[in-house]
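This report refers to the structure that appears directly beneath it.
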Amino acid sequence: MIILAVDYGDARTGLAICDKNEILASPLYTITQSYAPKLIENICEAAAEKEVELIVVGKPYNMDGSAGFRAQKCEEFAKQLEKASGIQTVLYDERMTTMIAAEALNVTNTRGKKRKNIIDSLSAQIILQNFIDERKK
């Protein structure tokens, strides 16, 4: 099944996709759009183009496992995305993914504008890889 992951942000939203066999997640790109209806439209276009069958939206829980304001915002966004796309959309715990992505970019010495442009799609890749790995269990 082709799955699209979304790391939703106010200014930048990262996308990642996996192969049909759900083996490997790859970063797709980052959308720089803060207006939610337009962002949803852009994601729907990407999903249609890639023939996506499931969308995973990262849900940022607090470290203690509680859901804060941002998690609630992601829940609402996921509902709107599912309605607009007609594709089943699920939420998945994204705790620590941005930190892991930042560490990976530190290792490769990726800095400045390039780092800013890819960190969100890399975070989406980590969310998706964790999701597909958990599905295999």
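The values are calculated or read from the model by the stated rules, or taken from the named source; none is laboratory data. Everything numeric in this text was worked out from a predicted model, so none of it was measured. Methodologically, a virtual Cβ is constructed for each residue, glycine included, from the backbone with ideal geometry; neighbour enumeration extends over all protein chains shown. Accessible surface areas use protein heavy atoms only, side chains included; no ligands, DNA or RNA. Shrake-Rupley method; radii C 1.70, N 1.55, O 1.52, S 1.80 Å.
Cβ neighbours within 10 Å, averaged per peptide: list 76-87, 5-16 in order, most packed at the top.
Details: 76-87: 15.8, 5-16: 23.8.
So the peptides 76-87, 5-16, ranked by packing, come out 5-16, 76-87.
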For this session: Give Lys20/Lys73; Lys20/Lys136; Lys20/Lys59; Lys59/Lys83; Lys38/Lys79 a once-over and call out the pairs whose C-alpha atoms are over 20 Å from each other.
Result: Lys20/Lys73; Lys20/Lys59
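Return one whole number: the accessible area per residue of the range 22-91 in Å², for a 1.4 Å probe.
56 Å²
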